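Engineer: Below you will find the structure I want to go over with you.
The values are calculated or read from the model by the stated rules, or taken from the named source; none is laboratory data. This one's a predicted model, so the numbers in the text were calculated from it and none came from an experiment. With ideal geometry, Cβ positions are generated from the backbone for all residues, glycine too; neighbour counts draw on all protein chains shown. When the accessible area is computed, the model is the full protein with side chains, heavy atoms only, and any ligands, DNA or RNA have been set aside. Shrake-Rupley method; radii C 1.70, N 1.55, O 1.52, S 1.80 Å.
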Amino acid sequence: MQTDGVAFLFPGQGSQAVGMGKELAEAHPAARQTFEEADDALGYKVSQLCCEGPEDQLRLTEITQPAILTASVAAWRVLDENGVKPGFVAGHSLGEYSAQVAAGTLGFADALRTVRNRGKYMQEAVPVGVGAMAAILGMSFENVLGVCQDASHGEVCEPANINSPEQIVISGHRAAVERAARLADERGAKRAVMLPVSAPFHCSLMKPAQDRLAADLQPLEFSQPSVPVVCNVDAVSITEAEASRAALIRQVTGSVKWEQSMRLLITRGVRTFVEVGPGKVLCGLMRQIDRGPKCFNVGDEASLRKTMEGLNQPVA
């Protein structure tokens, strides 16, 4: 079943949990093979870390990123094997790599090695403690932008994730982000919360990581996507190999335009979204963006069955 009315969404960092992918790997050879391929490509047992932890290791950025990619691709392959083909794909930050693998743009092994380095480069771009991120809840994008500009004082403070009308994450130098969080509180945000992250992702401080990642992505083979991929950095749908590569490079310093990406898909006729991989973060954001579309998730056997029933498809 392929339909333009269905989009697959792939989660990003923060959705990881010990046990992710375990049930699907036990029940479906396609998922099990995905974990085996990942172990071979990375040279360590990412399958064991996903299924058993420990959690503190799974939280390390350079392990988290390939682990979420693996669990997401495993879930996508199970859906694919069951004949569910999307009309569009999109992924939140790291999730855009899962989306490109699902679209056939980028090989799974290449994507795994790239995101392992991506995590490492992002971690090393800014010394620990220099950067920070904060979530601003219940404030318009224009007002958040004003807060960032007024708080910057010559430092970096930028919108990093435009997740929904209710939630925008900002990123930059710690002092500037702390000033912005205080200002947002004063100017009527519902809440401004500093986030427990290890680096200031998706802002111009990530330029060293972007340059290193570009050097890794440049020699890799990219194919034309088999389905349109809605990219984070521009919130447009991409159908060319080179545009896909460029979008993955630019997203390191660019903001994740998630709300705009979801609205684009809705205007393209998507009425059913399936979050493919661990967690339900993206389904939660969709409820804040538009409560009209149906949203399913596939991360284990129960959610797979519920999704297949919702799509009127038998489970193989």
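Engineer: Using 1/(1 + (r/R0)^6) with R0 = 30 angstrom and r between the beta carbons of Val236 and Glu81, what's the FRET efficiency to the nearest 0.05?
Structural biologist: About 0.50, to the nearest 0.05.
Engineer: Mind jotting down the three principal axis lengths of region 233-289 based on Cα atoms? Whole angstrom, largest first.
Structural biologist: 31, 24, 19
Engineer: Here's another thing I want to ask about it. Straight-line reach only, C-alpha to C-alpha below 21 angstrom: list the lysines that Lys207 could link to, leaving out same-chain residues fewer than 8 apart.
Structural biologist: Partners found: Lys120, Lys257.
Engineer: Per residue, how much space in cubic angstrom lies within the convex hull of the C-alpha atoms of region 174-228?
Structural biologist: Hull volume over Cα atoms, normalised by residue count, gives 157 Å³.
Engineer: Now, a different point. Give the share of C-alpha pairs in each 20 angstrom bin for the chain, from 0 to the last occupied bin, in whole percents, shortest bins first.
Structural biologist: Taking every Cα pair in the chain, the percentages come to 35, 59, 6.
Engineer: Also, I was wondering about something else. Given region 210-253 reduced to its alpha-carbon atoms as identical point scatterers, what log10 I(q)/I(0) does the Debye formula return at q = 0.29, 0.33 Å⁻¹?
Structural biologist: For the requested q values the scattering log ratios are -1.06, -1.19.
Engineer: For the modelled label position 7 Å from the Cα of Lys207 along Cα-to-Cβ, which residues of region 236-274 have backbone nitrogen atoms closer than 12 Å?
Structural biologist: Counting only backbone N, you get 253.
Engineer: Can you tell me the 0 to 90 degree angle between the C-alpha axis of helix 258-267 and the longest principal axis of the chain, rounded to 10?
Structural biologist: Rounded to the nearest ten degrees, it is 50.
Engineer: Could you give the length gained by full extension between Ala175 and Asp216, i.e. 0.36 nm per residue of separation minus their alpha carbon distance, to one decimal place?
Structural biologist: 11.5 nm
Engineer: Cα centroids of region 207-236 and region 6-36: how far apart, whole angstrom?
Structural biologist: Answer, in whole Å: 22.
Engineer: May I ask for the angle, rounded to the nearest 10°, between helix 29-42 and the longest principal axis of the chain, with both axes built from Cα atoms and the value confined to 0 to 90°?
Structural biologist: The two axes meet at around 50 degrees.
Engineer: Just tell me which lysines come within less than 24 Å, Cα to Cα, of Lys306; anything on the same chain fewer than 8 places away is out.
Structural biologist: Result set, ordered by chain and number: Lys22, Lys85, Lys280, Lys294.
Engineer: In deg cm²/dmol, rounded to 500, what helix-only [θ] at 222 nm does the chain give when every DSSP H run of at least 4 residues adds -39500 (n - 2.57) and the total is split over its residues?
Structural biologist: It comes out at -14500 deg cm²/dmol, rounded to the nearest 500.
Engineer: Here's another thing I want to ask about it. How about region 139-237: which GluC sites (Glu not before Pro) there lie in a loop by DSSP and see at most 12 other Cβ atoms within 10 Å?
Structural biologist: Here the GluC sites (Glu not before Pro) that fit, given the DSSP loop and packing criteria, are Glu221.
Engineer: Stokes-Einstein diffusion coefficient for region 1-98 at 25 °C in a medium of 0.890 mPa s, Rh from the Kirkwood formula over Cα pairs: what value in µm²/s?
Structural biologist: 181
Engineer: Still on this structure, I have one more. Per residue, how many Å² of accessible area does the chain show with a 1.4 Å probe?
Structural biologist: 40
Engineer: Further, regarding this structure: What number comes out for the charge environment of Glu96, summing +1 per Lys or Arg and -1 per Asp or Glu over other residues with Cβ under 12 Å away?
Structural biologist: Counting the neighbours of Glu96, the net charge comes to +3.
Engineer: Okay, moving on. For region 39-168, what is the largest minus smallest coordinate of the Cα atoms on each principal axis, given in angstrom and ordered from greatest to least?
Structural biologist: 50, 36, 25
Engineer: Please list, short to long, the whole-number percent of alpha-carbon pairs of region 202-316 in consecutive 5 angstrom bins beginning at zero.
Structural biologist: Histogramming region 202-316 at 5 Å steps yields 2, 10, 16, 17, 18, 16, 12, 6, 2, 0 percent.
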